[in-house]
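Structure record follows, encoded as structure tokens.
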Amino acid sequence: MAQPPRRPRSATEKAEEAFRALTTKTDEPKQTNAAIPAGKELISIRIDRDVLEHFQADGAGWQERINAALRAAADLE
């Protein structure tokens, strides 16, 4: 039977325990930003101003429209 973890006694032990908790790899990936859907990657990309204006002309959702156009161009649909 596993023993419960002991309580840290000193500030050093508390700091070491906190460090271990932050640096120990787990099987589950941490969700750092709930606004980013799974499977999407936050990147920086340089595109021509007129291309950006074209996609932004219809308002909100322009990033999704760019993604859809890139998927179609890459034949990933």
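The values are calculated or read from the model by the stated rules, or taken from the named source; none is laboratory data. Because the structure is predicted, anything quoted here is derived from the model rather than measured. So basically every Cβ, Gly included, is an ideal-geometry build from the backbone, and we count neighbours across all protein chains shown.
A few notes on this one:
- Within region 51-65, residues that are closer than 19 Å to LYS40 by Cβ have Cβ atoms under 9 Å from residues that are exposed (fewer than 11 other Cβ atoms within 10 Å of the Cβ) and modelled with pLDDT of 90 or more in these pairs: PHE55/ILE47; ARG65/ASP58, counting only partners at least 6 apart in sequence or on another chain.
- Scanning region 12-45 for residues that are modelled with pLDDT of 75 or more and either within 16 Å of GLN63 (Cα to Cα) or assigned to a loop (DSSP other than H, G, I, E, B) (or both) gives GLY39, LYS40, GLU41, LEU42, ILE43, SER44, ILE45.
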